[in-house]
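Contents: one structure, followed by commentary.
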Amino acid sequence: MREQFPFIVARLTRRWRKLLDERLKDLNVTQARWSTMLYLQRGGEGLTQRELANLMAIENPTLVRLLDSLEGQGLVERRPCERDRRARRLHLTPEGEKFMSELNSRAEQLRNELLAGVSDDDLEVASGLINKILSNADKMD
């Protein structure tokens, strides 16, 4: 089972993303774009590009391309930073807020369907296990 565990987790992650992508297809946004917006929303609006890149664990040039695309779609805007004129703070536009509301609603529905029959106690044990493994991985960095 130890040998299979990482593959099971990876398979679940891929399936979850694929199913969510299918449910968001009509919104015309890729997984990379919606996950960027999700990190921005959950990390707190007003993050700098560098802060968001660190949170997402991606390189800044990769994030810049994603943000350019999201800005072009009118979902995200960059605003000047009061303390550092070189930096820009990231914010969802009203259209971006509307999009995230729809995304969160569809994600919640998918989550409920995928977790049907799974008890809160089982989820707590599974989450604890995965967090312990993540903690071990963090110690290795």
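Could you run through the range 106-141 and say how many residues are touching a Leu at 6+ places or on another chain (Cβ under 8 Å) and more than 19 Å from Ala10 (Cα to Cα)? If you could, list the steps in order and put the result at the bottom.
Of the range 106-141, the ones touching a Leu at 6+ places or on another chain (Cβ under 8 Å) are 106-107, 110, 114-115, 123.
Those still in the list that are more than 19 Å from Ala10 (Cα to Cα) too: 106.
Number of matching residues: 1.
I'm trying to understand the selection: among the residues of the range 94-141, which are among the aliphatic types (A, V, I, L, M) and closer than 21 Å to Phe5 by Cα? Leu114, Leu115, Val118, Leu123, Val125, Ala126, Leu129, Ile130, Ile133, Leu134, Ala137, Met140 - these are the residues of the range 94-141 that are among the aliphatic types (A, V, I, L, M) and closer than 21 Å to Phe5 by Cα. Within the range 32-46, the set of residues being exposed (fewer than 13 other Cβ atoms within 10 Å of the Cβ) and of a type outside the set (Lys, Arg) comprises Gly44, Gly46.
Would you confirm whether or not the range 92-106 contains a residue that is surrounded by 16 or more Cβ atoms within 10 Å (Cβ to Cβ), in a helix (DSSP H, G or I) and without any contact (Cβ under 8 Å) to a residue 40 or more places away in the chain? No. Screening the candidates Glu97, Glu124 for the property of being under 17 Å from the mean Cα position of the chain (by Cα) and among the acidic types (Asp, Glu) yields one hit, Glu97. When you scan the range 12-21, do you find a residue that is more than 20 Å from Leu134 (Cα to Cα), hydrophobic (A, V, I, L, M, F, W, C) and within 14 Å of the chain's Cα centre (by Cα), even just one? There is at least one residue in the range 12-21 that is more than 20 Å from Leu134 (Cα to Cα), hydrophobic (A, V, I, L, M, F, W, C) and within 14 Å of the chain's Cα centre (by Cα). Is there a residue in the range 123-136 that is surrounded by fewer than 15 Cβ atoms within 10 Å (Cβ to Cβ), more than 24 Å from Lys18 (Cβ to Cβ), among the acidic types (Asp, Glu) and out of contact with any Gly (no Cβ under 6 Å at 6 or more places or on another chain)? So far as the range 123-136 goes, yes, one or more of its residues are surrounded by fewer than 15 Cβ atoms within 10 Å (Cβ to Cβ), more than 24 Å from Lys18 (Cβ to Cβ), among the acidic types (Asp, Glu) and out of contact with any Gly (no Cβ under 6 Å at 6 or more places or on another chain). The criterion of at least 3 residues that are of a type outside the set (Gly, Ala, Ser), free of Cβ contacts under 8 Å to residues at least 12 places away in the same chain and within 28 Å of Gln109 (Cα to Cα) is met, among helices (runs of 4 or more DSSP H) falling completely within the range 1-71, by 5-24.
Bear in mind these aren't lab numbers, they're just calculated from the coordinates by the rules spelled out. For clarity, every value in this text was computed on a predicted model and none was experimentally measured. Counting neighbours? That spans all protein chains shown, and the Cβs are built from the backbone with ideal geometry, glycine included.
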